[in-house]
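Below: one structure, written as C-alpha coordinates.
The values are calculated or read from the model by the stated rules, or taken from the named source; none is laboratory data. Just so you know, these numbers come straight off a predicted model, no measurement behind them. Don't worry about glycine lacking a Cβ; one is built from the backbone with ideal geometry, like all the others, and counts go over all protein chains shown. Note: accessible area is taken over every heavy atom of the protein model, side chains too, but ligands, DNA and RNA are not part of it. Shrake-Rupley method; radii C 1.70, N 1.55, O 1.52, S 1.80 Å.
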Amino acid sequence: MLKTIAGHTSAHGICRYLTRKNRALASDYINIDAPEGVREFDWAQAMDATRRSFGNDLPWRGKRARTYKHYVVSPDPKDGIALEALRDLATSWAQEHFSEYEVAIVYHDDNEHGIPHAHVVVNNTNIETGRRLQDPDPKALAASLQELAEAQGLTALRPPQATGVAARAQRRSPKRAPETFRSEYVRRAEQELTERGEYSWTADIRARVRIARTVSRSEAEFRSILGTMGVTVADNSPKAERRDWIYALASHPSRRISGERMGLAYGRERLEPLLRSGGARKLEDAGERAIAAIAKRAVSVGDLAELRSLSGAVALIEASRARCLGDLDALLEKDGGRATPQLVGYVKEKGLLPKERPAPVPRKPAAKSGARPVGSRRQDDVGRPTRQDVQDKRREGSER
(Lines give C-alpha, C1' and ligand atoms only; values in the text may rest on other atoms or scores of the structure.)
Protein backbone atom coordinates (compact mmCIF):
# COMPACT_ATOMS: atom_id res chain seq x y z
CA MET A 1 0.00 0.00 0.00
CA LEU A 2 1.08 3.58 -0.69
CA LYS A 3 -0.39 6.36 1.45
CA THR A 4 0.22 10.05 0.65
CA ILE A 5 0.15 12.94 3.16
CA ALA A 6 0.91 16.62 2.44
CA GLY A 7 2.80 18.77 4.95
CA HIS A 8 2.39 22.53 5.32
CA THR A 9 4.71 23.29 8.25
CA SER A 10 8.36 22.99 9.19
CA ALA A 11 9.77 19.47 8.81
CA HIS A 12 10.73 19.46 12.51
CA GLY A 13 7.30 18.12 13.50
CA ILE A 14 7.40 15.09 11.21
CA CYS A 15 11.04 14.48 12.13
CA ARG A 16 10.22 14.39 15.86
CA TYR A 17 7.22 12.15 15.23
CA LEU A 18 9.24 9.60 13.26
CA THR A 19 12.30 9.51 15.57
CA ARG A 20 10.83 9.88 19.05
CA LYS A 21 11.27 7.17 21.71
CA ASN A 22 14.00 5.54 19.62
CA ARG A 23 11.39 3.68 17.59
CA ALA A 24 13.16 4.18 14.25
CA LEU A 25 14.68 0.89 13.09
CA ALA A 26 16.92 2.57 10.53
CA SER A 27 17.13 5.63 8.25
CA ASP A 28 18.20 6.31 4.67
CA TYR A 29 18.83 9.67 3.00
CA ILE A 30 18.93 11.04 -0.53
CA ASN A 31 20.75 14.36 -1.17
CA ILE A 32 21.21 14.89 2.59
CA ASP A 33 24.67 14.63 4.16
CA ALA A 34 24.17 12.61 7.32
CA PRO A 35 27.11 12.27 9.76
CA GLU A 36 28.52 8.78 9.99
CA GLY A 37 27.81 6.71 13.06
CA VAL A 38 24.92 8.91 14.23
CA ARG A 39 21.58 7.11 14.45
CA GLU A 40 19.37 10.12 15.11
CA PHE A 41 20.11 12.98 12.75
CA ASP A 42 18.13 16.25 12.51
CA TRP A 43 17.41 16.05 8.79
CA ALA A 44 14.52 18.52 9.21
CA GLN A 45 17.00 21.35 9.74
CA ALA A 46 18.60 20.64 6.34
CA MET A 47 15.18 20.55 4.60
CA ASP A 48 13.98 23.80 6.20
CA ALA A 49 17.22 25.58 5.29
CA THR A 50 16.93 24.49 1.65
CA ARG A 51 13.35 25.75 1.38
CA ARG A 52 14.24 29.08 2.94
CA SER A 53 17.20 29.61 0.64
CA PHE A 54 14.95 29.21 -2.42
CA GLY A 55 11.96 31.03 -0.90
CA ASN A 56 9.78 27.95 -1.21
CA ASP A 57 8.28 28.05 2.28
CA LEU A 58 6.40 31.29 1.63
CA PRO A 59 2.61 31.33 1.02
CA TRP A 60 1.42 31.58 -2.57
CA ARG A 61 -1.61 33.79 -3.35
CA GLY A 62 -2.81 33.59 0.24
CA LYS A 63 -2.47 29.80 0.47
CA ARG A 64 -0.11 27.95 2.77
CA ALA A 65 2.93 26.50 1.06
CA ARG A 66 3.11 22.72 0.79
CA THR A 67 6.47 22.18 2.45
CA TYR A 68 6.92 18.42 2.04
CA LYS A 69 5.23 15.20 0.95
CA HIS A 70 5.02 12.22 3.28
CA TYR A 71 4.60 8.76 1.72
CA VAL A 72 4.02 5.59 3.73
CA VAL A 73 5.11 2.35 2.04
CA SER A 74 3.44 -0.67 3.68
CA PRO A 75 4.23 -4.18 2.36
CA ASP A 76 1.75 -7.04 2.51
CA PRO A 77 1.96 -8.63 6.01
CA LYS A 78 1.88 -12.08 4.37
CA ASP A 79 5.27 -11.41 2.76
CA GLY A 80 7.03 -11.26 6.13
CA ILE A 81 9.47 -8.76 4.65
CA ALA A 82 12.86 -8.25 6.28
CA LEU A 83 14.16 -4.76 7.06
CA GLU A 84 16.93 -4.90 4.45
CA ALA A 85 14.47 -5.88 1.72
CA LEU A 86 12.19 -3.02 2.72
CA ARG A 87 15.12 -0.57 2.64
CA ASP A 88 15.98 -1.74 -0.85
CA LEU A 89 12.37 -1.32 -2.01
CA ALA A 90 11.85 2.13 -0.47
CA THR A 91 15.17 3.64 -1.59
CA SER A 92 14.80 2.28 -5.14
CA TRP A 93 11.32 3.77 -5.39
CA ALA A 94 12.40 7.13 -3.95
CA GLN A 95 15.44 7.34 -6.24
CA GLU A 96 13.25 6.66 -9.27
CA HIS A 97 10.86 9.55 -8.58
CA PHE A 98 12.68 12.03 -6.30
CA SER A 99 16.35 11.83 -7.21
CA GLU A 100 16.62 15.65 -7.37
CA TYR A 101 15.00 16.27 -3.96
CA GLU A 102 16.05 15.91 -0.35
CA VAL A 103 14.55 12.69 0.95
CA ALA A 104 14.58 11.13 4.43
CA ILE A 105 13.35 7.55 4.81
CA VAL A 106 12.59 6.26 8.32
CA TYR A 107 11.62 2.64 9.03
CA HIS A 108 9.20 1.50 11.75
CA ASP A 109 7.56 -1.71 12.94
CA ASP A 110 5.27 -0.11 15.54
CA ASN A 111 1.98 -1.31 14.06
CA GLU A 112 -0.29 -3.97 15.53
CA HIS A 113 1.52 -6.99 14.07
CA GLY A 114 5.05 -5.54 14.01
CA ILE A 115 5.23 -5.36 10.20
CA PRO A 116 8.12 -3.17 8.96
CA HIS A 117 7.03 -0.15 6.89
CA ALA A 118 8.78 2.92 5.50
CA HIS A 119 8.03 6.64 5.92
CA VAL A 120 9.39 8.60 2.94
CA VAL A 121 9.56 12.38 3.51
CA VAL A 122 10.32 14.45 0.39
CA ASN A 123 11.24 18.13 0.70
CA ASN A 124 9.33 20.46 -1.61
CA THR A 125 12.39 21.94 -3.39
CA ASN A 126 14.22 20.57 -6.43
CA ILE A 127 17.89 21.12 -5.54
CA GLU A 128 18.86 21.31 -9.23
CA THR A 129 16.31 23.90 -10.41
CA GLY A 130 15.05 25.43 -7.17
CA ARG A 131 11.44 24.88 -8.27
CA ARG A 132 8.74 23.60 -5.95
CA LEU A 133 7.68 19.96 -6.00
CA GLN A 134 4.57 19.43 -8.12
CA ASP A 135 2.19 16.61 -7.27
CA PRO A 136 3.30 13.50 -9.19
CA ASP A 137 0.52 11.37 -10.61
CA PRO A 138 -0.61 9.17 -7.66
CA LYS A 139 -1.48 6.30 -9.98
CA ALA A 140 1.98 6.39 -11.56
CA LEU A 141 3.66 6.38 -8.14
CA ALA A 142 1.53 3.46 -6.96
CA ALA A 143 2.05 1.47 -10.19
CA SER A 144 5.81 1.99 -9.98
CA LEU A 145 5.84 0.68 -6.40
CA GLN A 146 3.90 -2.44 -7.43
CA GLU A 147 6.36 -3.15 -10.24
CA LEU A 148 9.37 -2.81 -7.94
CA ALA A 149 7.67 -5.04 -5.35
CA GLU A 150 7.01 -7.74 -7.95
CA ALA A 151 10.61 -7.53 -9.16
CA GLN A 152 11.72 -8.32 -5.59
CA GLY A 153 9.34 -11.26 -5.30
CA LEU A 154 6.90 -9.40 -3.06
CA THR A 155 3.12 -9.30 -3.34
CA ALA A 156 1.83 -6.50 -5.55
CA LEU A 157 -1.52 -4.83 -4.99
CA ARG A 158 -3.64 -5.34 -8.10
CA PRO A 159 -7.34 -4.68 -8.71
CA PRO A 160 -9.44 -7.86 -8.43
CA GLN A 161 -10.00 -9.74 -11.66
CA ALA A 162 -13.53 -10.01 -12.95
CA THR A 163 -15.16 -13.44 -12.74
CA GLY A 164 -18.20 -15.15 -14.18
CA VAL A 165 -20.48 -13.07 -16.40
CA ALA A 166 -18.37 -9.91 -15.96
CA ALA A 167 -15.23 -11.74 -17.13
CA ARG A 168 -16.99 -13.13 -20.22
CA ALA A 169 -18.34 -9.65 -21.04
CA GLN A 170 -14.83 -8.21 -20.82
CA ARG A 171 -13.49 -10.88 -23.17
CA ARG A 172 -16.25 -10.25 -25.71
CA SER A 173 -15.86 -6.47 -25.70
CA PRO A 174 -12.66 -5.40 -23.95
CA LYS A 175 -12.72 -1.74 -22.94
CA ARG A 176 -9.79 0.36 -21.85
CA ALA A 177 -10.02 1.92 -18.40
CA PRO A 178 -10.40 5.73 -18.25
CA GLU A 179 -7.32 7.91 -17.80
CA THR A 180 -8.55 8.89 -14.34
CA PHE A 181 -11.25 7.62 -12.00
CA ARG A 182 -11.79 11.06 -10.44
CA SER A 183 -15.04 12.86 -11.13
CA GLU A 184 -13.10 16.13 -11.28
CA TYR A 185 -9.50 16.02 -12.55
CA VAL A 186 -7.45 19.23 -12.82
CA ARG A 187 -4.10 18.81 -14.52
CA ARG A 188 -0.93 20.50 -13.37
CA ALA A 189 -0.78 23.12 -16.15
CA GLU A 190 -4.39 24.18 -15.57
CA GLN A 191 -3.84 24.38 -11.82
CA GLU A 192 -0.69 26.50 -12.16
CA LEU A 193 -2.38 28.98 -14.53
CA THR A 194 -5.40 29.26 -12.26
CA GLU A 195 -3.25 29.84 -9.18
CA ARG A 196 -1.37 32.63 -10.99
CA GLY A 197 -4.66 34.21 -12.06
CA GLU A 198 -3.91 33.61 -15.75
CA TYR A 199 -6.27 32.36 -18.46
CA SER A 200 -6.60 28.60 -18.97
CA TRP A 201 -8.73 27.50 -21.91
CA THR A 202 -9.18 24.08 -20.28
CA ALA A 203 -10.61 25.73 -17.16
CA ASP A 204 -12.79 27.89 -19.44
CA ILE A 205 -14.28 24.84 -21.18
CA ARG A 206 -14.68 23.06 -17.83
CA ALA A 207 -16.67 25.99 -16.40
CA ARG A 208 -19.04 26.11 -19.38
CA VAL A 209 -19.61 22.35 -19.46
CA ARG A 210 -20.30 22.29 -15.70
CA ILE A 211 -22.98 24.96 -16.11
CA ALA A 212 -24.62 23.23 -19.07
CA ARG A 213 -24.53 19.87 -17.28
CA THR A 214 -26.37 21.31 -14.29
CA VAL A 215 -29.28 22.95 -16.12
CA SER A 216 -29.81 20.53 -19.03
CA ARG A 217 -32.56 17.92 -19.05
CA SER A 218 -31.69 16.16 -22.29
CA GLU A 219 -28.73 15.66 -24.59
CA ALA A 220 -30.22 17.99 -27.19
CA GLU A 221 -30.64 20.72 -24.56
CA PHE A 222 -27.10 20.09 -23.30
CA ARG A 223 -25.65 20.58 -26.78
CA SER A 224 -27.85 23.61 -27.40
CA ILE A 225 -26.83 25.37 -24.16
CA LEU A 226 -23.18 24.68 -24.83
CA GLY A 227 -23.63 26.10 -28.32
CA THR A 228 -25.01 29.35 -26.91
CA MET A 229 -21.96 29.48 -24.62
CA GLY A 230 -19.54 29.04 -27.50
CA VAL A 231 -18.58 25.38 -27.01
CA THR A 232 -18.95 22.71 -29.68
CA VAL A 233 -19.55 19.04 -28.88
CA ALA A 234 -18.46 16.23 -31.18
CA ASP A 235 -18.12 12.46 -30.88
CA ASN A 236 -14.59 11.15 -30.64
CA SER A 237 -13.15 8.79 -33.23
CA PRO A 238 -15.07 5.54 -33.84
CA LYS A 239 -11.72 3.75 -33.49
CA ALA A 240 -11.18 5.08 -29.96
CA GLU A 241 -11.29 2.45 -27.21
CA ARG A 242 -13.67 4.54 -25.09
CA ARG A 243 -16.70 6.49 -26.29
CA ASP A 244 -16.40 10.14 -25.34
CA TRP A 245 -17.26 13.68 -26.37
CA ILE A 246 -14.75 16.24 -27.59
CA TYR A 247 -15.36 19.79 -26.37
CA ALA A 248 -13.85 22.77 -28.22
CA LEU A 249 -14.14 26.54 -28.11
CA ALA A 250 -16.04 27.71 -31.18
CA SER A 251 -13.78 30.78 -31.44
CA HIS A 252 -10.62 28.62 -31.23
CA PRO A 253 -11.39 25.14 -32.65
CA SER A 254 -7.82 23.97 -31.99
CA ARG A 255 -8.47 24.30 -28.24
CA ARG A 256 -10.21 20.98 -27.74
CA ILE A 257 -10.25 18.37 -25.00
CA SER A 258 -12.10 15.12 -24.37
CA GLY A 259 -14.56 15.02 -21.50
CA GLU A 260 -12.87 12.29 -19.45
CA ARG A 261 -9.56 14.19 -19.48
CA MET A 262 -11.33 16.73 -17.25
CA GLY A 263 -12.81 13.98 -15.06
CA LEU A 264 -15.44 11.26 -15.39
CA ALA A 265 -18.23 13.73 -14.57
CA TYR A 266 -17.57 15.44 -17.93
CA GLY A 267 -17.32 12.28 -20.06
CA ARG A 268 -19.92 10.88 -22.40
CA GLU A 269 -20.31 7.57 -20.55
CA ARG A 270 -21.30 9.41 -17.37
CA LEU A 271 -23.34 12.24 -18.91
CA GLU A 272 -25.29 10.37 -21.60
CA PRO A 273 -27.40 8.19 -19.23
CA LEU A 274 -27.81 11.15 -16.86
CA LEU A 275 -29.24 13.36 -19.60
CA ARG A 276 -31.36 10.51 -20.95
CA SER A 277 -33.05 10.21 -17.54
CA GLY A 278 -33.91 13.94 -17.36
CA GLY A 279 -30.71 15.53 -16.11
CA ALA A 280 -29.29 16.20 -12.67
CA ARG A 281 -32.32 18.26 -11.50
CA LYS A 282 -30.47 19.65 -8.47
CA LEU A 283 -32.03 23.11 -8.78
CA GLU A 284 -35.53 24.52 -8.95
CA ASP A 285 -36.77 25.74 -12.32
CA ALA A 286 -36.17 29.40 -11.38
CA GLY A 287 -32.56 28.65 -10.42
CA GLU A 288 -31.92 26.81 -13.69
CA ARG A 289 -33.35 29.68 -15.71
CA ALA A 290 -31.24 32.20 -13.80
CA ILE A 291 -28.04 30.18 -14.41
CA ALA A 292 -28.74 29.82 -18.13
CA ALA A 293 -29.46 33.55 -18.49
CA ILE A 294 -26.32 34.61 -16.60
CA ALA A 295 -24.12 32.24 -18.60
CA LYS A 296 -25.52 33.41 -21.94
CA ARG A 297 -25.05 37.07 -21.01
CA ALA A 298 -21.49 36.49 -19.70
CA VAL A 299 -20.42 34.71 -22.90
CA SER A 300 -22.00 37.33 -25.16
CA VAL A 301 -19.97 40.14 -23.54
CA GLY A 302 -16.84 38.02 -22.93
CA ASP A 303 -17.06 38.31 -19.13
CA LEU A 304 -14.92 35.31 -18.15
CA ALA A 305 -14.76 36.39 -14.51
CA GLU A 306 -18.57 36.20 -14.29
CA LEU A 307 -18.48 32.78 -15.93
CA ARG A 308 -15.90 31.51 -13.41
CA SER A 309 -17.94 32.84 -10.49
CA LEU A 310 -21.10 31.19 -11.82
CA SER A 311 -19.30 27.89 -12.38
CA GLY A 312 -17.86 28.00 -8.86
CA ALA A 313 -21.33 28.65 -7.42
CA VAL A 314 -22.78 25.74 -9.40
CA ALA A 315 -19.98 23.44 -8.19
CA LEU A 316 -20.66 24.49 -4.60
CA ILE A 317 -24.39 23.76 -4.92
CA GLU A 318 -23.69 20.36 -6.46
CA ALA A 319 -21.08 19.35 -3.87
CA SER A 320 -23.07 20.53 -0.85
CA ARG A 321 -26.46 19.31 -2.18
CA ALA A 322 -27.93 22.58 -0.92
CA ARG A 323 -31.65 23.09 -1.63
CA CYS A 324 -32.02 26.58 -0.14
CA LEU A 325 -29.94 29.51 1.12
CA GLY A 326 -30.26 28.27 4.69
CA ASP A 327 -28.32 25.11 3.76
CA LEU A 328 -25.40 27.20 2.49
CA ASP A 329 -25.44 29.46 5.56
CA ALA A 330 -25.34 26.39 7.81
CA LEU A 331 -22.47 24.94 5.78
CA LEU A 332 -20.56 28.21 6.02
CA GLU A 333 -20.96 28.33 9.81
CA LYS A 334 -20.12 24.66 10.31
CA ASP A 335 -17.04 24.27 8.12
CA GLY A 336 -16.38 26.66 5.27
CA GLY A 337 -14.37 24.42 2.94
CA ARG A 338 -15.57 25.28 -0.54
CA ALA A 339 -18.39 27.43 0.86
CA THR A 340 -16.58 30.78 0.95
CA PRO A 341 -18.48 33.96 1.85
CA GLN A 342 -17.90 35.22 -1.69
CA LEU A 343 -19.54 32.18 -3.31
CA VAL A 344 -22.45 32.14 -0.86
CA GLY A 345 -22.96 35.87 -1.45
CA TYR A 346 -22.94 35.28 -5.21
CA VAL A 347 -25.62 32.59 -4.93
CA LYS A 348 -27.79 34.96 -2.87
CA GLU A 349 -27.23 37.91 -5.20
CA LYS A 350 -28.15 36.00 -8.34
CA GLY A 351 -31.09 34.13 -6.81
CA LEU A 352 -29.79 30.67 -7.70
CA LEU A 353 -31.43 29.05 -4.63
CA PRO A 354 -34.75 29.81 -2.90
CA LYS A 355 -34.76 31.28 0.60
CA GLU A 356 -36.69 28.36 2.05
CA ARG A 357 -36.42 24.65 1.32
CA PRO A 358 -39.00 23.63 -1.31
CA ALA A 359 -41.78 21.38 -0.12
CA PRO A 360 -41.36 17.75 -1.22
CA VAL A 361 -43.51 16.78 -4.17
CA PRO A 362 -45.81 13.86 -3.20
CA ARG A 363 -45.43 10.86 -5.42
CA LYS A 364 -48.62 9.04 -6.38
CA PRO A 365 -48.49 5.66 -8.04
CA ALA A 366 -49.73 5.83 -11.59
CA ALA A 367 -53.06 4.02 -12.04
CA LYS A 368 -53.08 1.28 -14.65
CA SER A 369 -55.39 1.65 -17.61
CA GLY A 370 -58.81 0.23 -16.76
CA ALA A 371 -57.98 -0.39 -13.11
CA ARG A 372 -60.60 0.35 -10.43
CA PRO A 373 -59.91 1.81 -7.00
CA VAL A 374 -59.66 -0.75 -4.24
CA GLY A 375 -63.07 -1.51 -2.75
CA SER A 376 -65.05 -0.12 -5.69
CA ARG A 377 -67.58 -2.14 -7.72
CA ARG A 378 -68.61 -1.89 -11.32
CA GLN A 379 -72.18 -0.79 -12.05
CA ASP A 380 -73.15 -4.15 -13.55
CA ASP A 381 -71.85 -5.93 -10.42
CA VAL A 382 -74.36 -4.22 -8.16
CA GLY A 383 -76.77 -6.88 -6.79
CA ARG A 384 -74.41 -9.76 -7.40
CA PRO A 385 -73.15 -11.56 -4.28
CA THR A 386 -69.57 -10.72 -3.41
CA ARG A 387 -66.98 -13.14 -2.07
CA GLN A 388 -67.56 -11.76 1.41
CA ASP A 389 -71.31 -12.45 1.07
CA VAL A 390 -70.65 -16.08 0.09
CA GLN A 391 -68.25 -16.56 3.01
CA ASP A 392 -70.76 -15.08 5.46
CA LYS A 393 -73.51 -17.46 4.26
CA ARG A 394 -71.21 -20.47 4.57
CA ARG A 395 -70.24 -19.47 8.11
CA GLU A 396 -73.95 -19.01 9.01
CA GLY A 397 -74.79 -22.49 7.71
CA SER A 398 -72.03 -24.16 9.65
CA GLU A 399 -73.10 -22.46 12.86
CA ARG A 400 -76.65 -23.76 12.39
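Given the whole protein assembly as supplied and a 1.4 Å probe, what does the accessible area of H113 come to in Å², nearest 10?
140
Considering only protein heavy atoms and a probe of 1.4 Å, how much of the accessible area of the stretch 1-57 is carbon and sulfur, as a whole percent?
48
Cα-Cα over 30 Å: which of K69/K350; K63/K355; K139/K334; K3/K282; K3/K348; K334/K355?
K69/K350; K63/K355; K139/K334; K3/K282; K3/K348
What's the local net charge at R87, with K and R +1, D and E -1, over the other residues with C-beta under 14 Å away?
Around R87, the charge tally is -4.
For the stretch 85-162, what log10 I(q)/I(0) values come out of the Debye formula at q = 0.15, 0.20 1/Å, with one point per alpha carbon and no solvent?
Relative scattering, expressed as log10 I(q)/I(0), comes to -0.63, -1.00.
Report, in debye and to the nearest 20, how large the dipole of the stretch 177-242 comes out about its Cα centre when Lys and Arg carry +1 and Asp and Glu carry -1 on their Cβ.
Here the stretch 177-242 has a charge dipole of around 140 debye.
Just reorder S27, S144 by solvent-accessible area, largest first, 1.4 Å probe, all chains present.
Accessible-area ranking of S27, S144, largest first: S27, S144.
Over the stretch 138-290, what per residue volume does the convex hull of the Cα atoms give, in whole Å³?
Values: hull volume 26.6 nm³, N = 153.
That works out to 174 Å³ per residue.
In bins 10 Å wide, starting from 0, what share of all Cα pairs of the stretch 5-92 does each bin hold, as a percent?
Once binned at 10 Å, the Cα pair distances of the stretch 5-92 give 13, 40, 32, 12, 2.
Please state, rounded to one decimal and in Å, the Kirkwood hydrodynamic radius that the stretch 173-248 gives when every pair of distinct Cα atoms enters the mean of 1/r.
Numbers: mean 1/r = 0.0703 Å⁻¹.
Taking the inverse mean of 1/r over all distinct Cα pairs, the stretch 173-248 comes out at 14.2 Å.
Once the whole set of protein chains is in place, how much accessible area is left on V231, using a 1.4 Å probe, in Å² to the nearest 10?
0
How large is the accessible surface per residue of the stretch 166-314, computed with a 1.4 Å probe and reported in Å² as a whole number?
On the way: 7840 Å² over 149 residues.
Solvent-accessible surface per residue comes out at 53 Å².
To the nearest 10 square angstrom, what accessible area does F54 show with a 1.4 Å probe?
100
Counting only Cα atoms, I'd like the Rg/Rh figure for the stretch 108-153, Kirkwood definition for Rh. Display every interim value, and only then the final one.
Working: Rg = 14.7 Å, Rh = 13.4 Å.
Here the Rg-to-Rh quotient is 1.10.
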